[in-house]
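Shown next, in structure tokens, is the structure this report addresses.
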Amino acid sequence: MANFLKRLELQGFKSFANKTVLEFPSRVTAIVGPNGSGKSNVIDALRWVLGEREAKHLRGDTIGNLIFAGTPKKSSAGFARVALYFDNSHKTFPFDSPEVMLIRKVDRSGVSQFFWHDEEVRLRDLLPILARARLGSRGLTMIGQGQSDIFVRSSAEDRRMMIEEILGLREFRLKKNQSERQLDSSRVNMEKVQAMLAELTPHLRFLRKQKGRFDKRSEIEEKLRALENTYFSFRHGSLITAIEKASVPISQLEKEKIEKEKEVLIFEKKLKEIDAKAYDVKSLNEIREKIRLLLAERATIDKSLARGEARLELAVSKSVAAAHSQKELLDFIQDISLEIKSLLNFENLEKIKTALSLRLENIEALLKKEKKSAGDELEKEVKDWRVKLEAVEKNVEALRDEEEKMLLGQQKMNQEFRAQIEALEGRKNNLRLVEEKLQREIFEKEKIGLKLEELNREWFSLGRDLAELKTIPVSGEMIDSPEAERKMMRLRGELAAIGEIDEGMVKEAEESESRYEFLSRELTDLHKATTDLRVLIKDLEERIHNDFKNAFKSINEEFNKYFRLMFGGGRAHLKLKKYSPPAEEKNNEIEGEVVEKKYAPTEAEKEEAEQKAGIEIDLTVPKKKISSLEMLSGGEKTLVSLAALFALISVSPPPFLVLDEVDAALDEENARRFADLIKEFSKKTQFVIVTHNRATMEAADILYGVTMGDDGVSKVLSLKLDTVSSNS
């Protein structure tokens with residue numbers, strides 16, 4: 001069977017200045033040593049690390065006295081530290097580790113700390129864990145020096161507490177006490193909350209009345225805000241959509257404009273190329289000037305030729321007139337006249353020249369028929385003029401041909417130029433149409449943008465943020481803008497009629513309402529908490545009472561058994577002393593007389609009295625008449641206490657017992673009985689005993705001897721299986 005208590009470490013605690021380790025590998029460990037050596041300090045260390053808070057139970061004036069104070073040969077310690085190591089293989093404590101360590105430490109500033117499994121804990125959280133393992137710093141599980149008769153001289157209520165601790169009911173008692181404290185605290189808090197509610201309610205009623213007139217304003221504001229959100233978001237969304245739609249044709253028109261501009265540039269370039277190929281005006285003017293000069297020269301030649309021909313004709317006419325009849329001449333002249341008229345209708349210069357040449361040949365032939373030598377010189381002169389005239393006419397004709405070619409080329413060029421200009425103008429017209437359309441679209445977009453800016457200004461004038469407008473979802477339904485504007489105008493008018501809200505009053509009303517609701521919830525929670533706590537306390541009381549009641553009969557039987565063993569006869573019995581609440585007297589003063597009425601307890605109070613009953617000891621000692629426990633000697637009181645202790649551990653053995661010189665008052669025979677019982681019960685419970693008694697030492701499996709040198713420091717020697725070792 002594994003030992004629950006594995007080892008104890010002391011450092012700076014009372015007389016143990018140096019770190020000292022006591023192992024507990026056996027079921028019974030005895031600590032021996034001369035008086036004043038510090039062996040009882042080991043028991044004080046166990047009591048202290050298990051949560052003892054009162055210095056008087058640790059044989060000191062203050063907690064600071066637990067720290068090694070120093071001696072002339074040994075300096076004082078700065079802190080006291082005690083560590084207990086427990087076996088946790090059976091999961092006694094809520095840890096997975098097979099070994100659990102409990103440490104308590106105090107320094108000279110008075111700061112006391114508990115460390116449970118390497119984590120700092122509060123004592124209030126530690127005590128329920130220890131109680132669940134049936135560990136405590138007082139009672140029958142840890143009997144200190146001079147407390148061997150503790151069970152006898154304790155009060156009836158304390159005896160019950162000792163029994164409950166041995167039975168493992170202290171955990172439930174702690175929970176019950178804590179629940180009772182919480183219940184008392186809840187009652188006090190309920191009274192405070194009720195008082196605060198009583199104080200707050202009239203003022204809150206006034207604030208509610210004042211705030212009521214503004215509730216409608218809040219409702220109207222919500223409606224107005226919702227309407228504004230719907231109206232402005234719809235308009236904003238519509239304008240944004242319109243801008244987006246307008247951006248599409250603008251983008252397309254801008255692209256089309258760029259394309260049209262490119263076409264215009266191309267046609268302008270072609271026009272420049274055509275214009276560059278146009279005729280040279282100076283050259284044309286020069287040709288025309290030459291023609292003019294040649295025509296002037298021809299006119300002169302014509303005049304000279306005409307005079308020459310006239311003179312020649314005059315000379316010839318005489319001979320012609322003589323050679324031909326008048327009628328022949330007239331017919332010839334008429335033919336020439338008709339021919340000349342026909343020539344006037346010709347447009348082709350070559351045909352005219354050909355016809356004139358033929359007629360000239362006819363005339364010359366006519367003249368030659370009768371020509372006499374009228375004057376060779378005149379004929380030669382006329383011929384010369386005709387040659388000159390022909391040359392001039394050829395030159396004129398050549399120049400006119402050149403002029404006509406240039407004019408024809410110019411005409412063709414002009415036609416191409418006009419066609420190119422017309423094409424260019426067409427492209428420019430197309431460009432102008434696109435630009436006009438683009439300007440219209442841009443203008444429309446700007447109009448929409450101005451409307452959007454105006455809408456944003458209206459929204460901003462309402463004290464709203466533009467970013468909020470952008471986040472409001474747009475309703476898919478059409479909004480009747482005039483109707484919405486009329487509704488908003490009406491709601492704003494209603495708000496103006498109500499007036500501005502007193503924010504301070506509203507805030508106070510809200511805070512008061514919130515506080516009222518909070519206090520109401522607190523009161524409800526406190527009512528529920530008190531109900532739950534009463535139920536919990538009732539359940540814990542029933543658990544304690546039932547478990548105690550179930551074990552009490554067995555304890556009584558064992559107590560009587562060990563009492564008879566200790567005293568060699570007699571009888572001992574434990575009985576419940578019912579708790580009696582103070583009688584409540586209701587005094588009524590009638591004509592100067594006081595009438596007393598005795599208080600009759602209720603059934604619930606009777607049940608409570610039974611659950612809070614203490615433990616009385618009823619016994620008879622052989623050959624001695626005992627009317628009260630005070631008549632027992634010190635040794636007899638110790639025997640009664642030991643009988644009670646063994647009775648309890650026989651029914652519900654604790655994990656270990658710590659006994660400090662409880663056998664000091666026993667005679668040799670009873671000491672032997674005590675040692676035998678220790679041997680017997682060591683099968684169920686681990687014992688740590690401080691003793692001077694030889695019989696008790698013989699019952700131990702291991703002995704620790706405590707000595708103190710001239711430096712005032714306690715040292716420990718261990719004896720086991722005839723092997724002696726020093727541990728200091």
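Data for the structure
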read-out: Residues satisfying the stated conditions in the stretch 211-222, i.e. modelled with pLDDT of 75 or more and loosely packed, with under 12 Cβ neighbours inside 10 Å; value: GLU219, GLU222
read-out: Unmet requirement for HIS90, which otherwise passes all of (1) under 54 Å from the mean Cα position of the chain (by Cα); (2) under 15 Å from GLN11 (Cα atoms); value: (2)
read-out: Leading residue by the ranking (farthest from the chain's Cα centre (by Cα)) among those in the stretch 93-116 that are open to solvent by 60 Å² or more (accessible area, probe 1.4 Å) and farther than 23 Å from ILE67 by Cβ; value: PRO98
read-out: One residue from SER682, SER641, SER652 being in contact with a Gly (Cβ under 7 Å, 6 or more places away or on another chain) and touching a residue at least 24 places away in the same chain (Cβ under 8 Å); value: SER652
read-out: Sole residue being over 57 Å from the mean Cα position of the chain (by Cα) and over 20 Å from LEU130 (Cβ atoms), chosen from ALA30, ALA17; value: ALA30
read-out: Selection count where residues are surrounded by 21 or more Cβ atoms within 10 Å (Cβ to Cβ) and part of a helix (DSSP H, G or I), scope the stretch 692-706; value: 2
read-out: Odd one out for ARG181, checked against (1) in a helix (DSSP H, G or I); (2) in contact (Cβ under 8 Å) with a residue 24 or more places away in the chain; (3) surrounded by fewer than 18 Cβ atoms within 10 Å (Cβ to Cβ); value: (2)
read-out: Count - residues of the stretch 619-654 that are out of contact with any Asp or Glu (no Cβ under 8 Å at 6 or more places or on another chain) and more than 23 Å from GLN145 (Cβ to Cβ); value: 12
read-out: Selection status of LYS211, closer than 30 Å to LEU438 by Cβ and not aliphatic (A, V, I, L, M); value: no
read-out: Residues (buried (at least 20 other Cβ atoms within 10 Å of the Cβ) and over 15 Å from MET161 (Cα atoms)) located in the stretch 128-141; value: LEU130
read-out: Residue within the stretch 222-243 that is under 30 Å from LEU540 (Cβ atoms) and without any contact (Cβ under 8 Å) to a residue 12 or more places away in the chain present; value: no
read-out: Qualifying residue in the stretch 632-651 (condition: farther than 23 Å from PHE552 by Cα and assigned to a loop (DSSP other than H, G, I, E, B)); value: yes
read-out: Test for ASP710: is it in a loop (DSSP other than H, G, I, E, B) and crowded, with 19+ Cβ neighbours inside 10 Å; value: no
read-out: Residue within the stretch 467-477 that is under 30 Å from LEU294 (Cα atoms), small (Gly, Ala, Ser) and open to solvent by less than 60 Å² (accessible area, probe 1.4 Å) present; value: no
read-out: Candidates VAL658, VAL688, VAL716, filtered to the one that is more than 60 Å from the chain's Cα centre (by Cα), open to solvent by less than 10 Å² (accessible area, probe 1.4 Å) and under 23 Å from ALA45 (Cα atoms); value: VAL716
read-out: Residue list for the stretch 438-480, filter: touching a helix residue (DSSP H, G or I) at 6+ places or on another chain (Cβ under 7 Å), of a type in the set (Gly, Ala, Ser) and not in a loop (DSSP other than H, G, I, E, B); value: GLY449
read-out: Unmet criterion (only one of (1) surrounded by 14 or more Cβ atoms within 10 Å (Cβ to Cβ); (2) in contact with a helix residue (DSSP H, G or I) (Cβ under 7 Å, 6 or more places away or on another chain)) for HIS203; value: (1)
read-out: The stretch 113-127 residues that are farther than 20 Å from ALA80 by Cβ, paired with ones that are small (Gly, Ala, Ser) and in a loop (DSSP other than H, G, I, E, B) (beta carbon under 7 Å, 6 or more apart); value: HIS117/SER97; LEU127/GLY51
read-out: Yes/no for VAL42 being modelled with pLDDT under 90, of a type in the set (Val, Ile, Thr), within 58 Å of the chain's Cα centre (by Cα) and under 30 Å from ALA699 (Cα atoms); value: no
read-out: Selection from the stretch 459-484 of residues that are more than 17 Å from LEU227 (Cβ to Cβ) and either within 26 Å of the chain's Cα centre (by Cα) or modelled with pLDDT of 80 or more (or both); value: ASP465, LEU466, ALA467, LYS470, THR471
read-out: Extreme residue, nearest to ARG490 (Cα to Cα), among residues of the stretch 223-271 that are β-branched (Val, Ile, Thr) and open to solvent by 30 Å² or more (accessible area, probe 1.4 Å); value: THR230
read-out: Pairs where the first residue, in the stretch 13-31, is among the polar types (S, T, N, Q) and modelled with pLDDT of 90 or more and the second is open to solvent by 30 Å² or more (accessible area, probe 1.4 Å) and in a loop (DSSP other than H, G, I, E, B), C-beta under 8 Å, 6+ apart; value: ASN18/SER728; THR20/SER728; THR29/ASP701
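The values are calculated or read from the model by the stated rules, or taken from the named source; none is laboratory data. Because the structure is a prediction, the values reported are computed rather than measured. Note that each Cβ is placed from the backbone with ideal geometry, even for glycine, and that neighbours are counted across all protein chains shown. Ligands, DNA and RNA are excluded from the accessible area calculation, which covers all protein heavy atoms including side chains. Shrake-Rupley method; radii C 1.70, N 1.55, O 1.52, S 1.80 Å.
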